[in-house]
1. Give me the accessible area per residue for the chain, probe 1.4 Å, as a whole number in Å².
2. Please list 3J(HN,Hα) in residue order for the range 29-45, calculated via the Karplus relation 6.51 cos²θ - 1.76 cosθ + 1.60 where θ = phi - 60°; whole Hz, with x for glycine and proline.
3. Excluding residue 11 itself, calculate the net charge of residues whose Cβ lies under 13 Å from the Cβ of residue 11, where each Lys or Arg counts +1 and each Asp or Glu counts -1.
4. Over the chain, with every protein chain in place, what whole percent of the accessible area is carbon and sulfur at 1.4 Å, could you tell me?
5. Mind putting a number on the dipole of the chain about its Cα centre? Charges go on the C-beta only, +1 for Lys and Arg and -1 for Asp and Glu, and I need it in Debye to the nearest 20.
Amino acid sequence: MKKYVCEVCGYVYDEALGDESLGIAPGTKFEDLPDDFTCPLCGVGKESFAEEE
């Protein structure tokens with residue numbers, strides 16, 4: 001499982017954890033998130049996220 005970081009505000013989406021507050025189940029891959037997914041902290045789209053190294 002990977003982690004993706006919002007390049008604007010630093011929010012981290014962890015595939016292993018999902019995001020229960022957004023109704024995203026643990027184990028949900030980033031690419032499986034809806035196309036209209038936005039950062040819950042700053043509102044930018046998926047294109048503003050980068051895979052954490």
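The values are calculated or read from the model by the stated rules, or taken from the named source; none is laboratory data. As the structure is a prediction and not an experimental result, all values here were calculated from the model. For neighbour counting, all protein chains shown are included, and Cβ atoms are generated from backbone atoms with ideal geometry for every residue, glycine included. Just the protein is used for accessible areas: all its heavy atoms, side chains included, with ligands, DNA and RNA removed. Shrake-Rupley method; radii C 1.70, N 1.55, O 1.52, S 1.80 Å.
1. Values: 3390 Å² over 53 residues.
Counting only protein heavy atoms, the per-residue value for the chain is 64 Å².
2. Values, residue by residue: 5, 4, 5, 8, 5, x, 4, 8, 4, 10, 4, x, 9, 10, x, 6, x Hz.
3. Working: positive: 3, 46; negative: 7, 14, 19, 52.
Summing Lys/Arg as +1 and Asp/Glu as -1 gives -2.
4. Numbers: 1640 of 3390 Å².
Of the solvent-accessible surface of the chain, carbon and sulfur hold 48 percent.
5. Details: 4 positive and 13 negative charges, 20 e Å.
With Lys and Arg at +1 and Asp and Glu at -1, about 100 debye.
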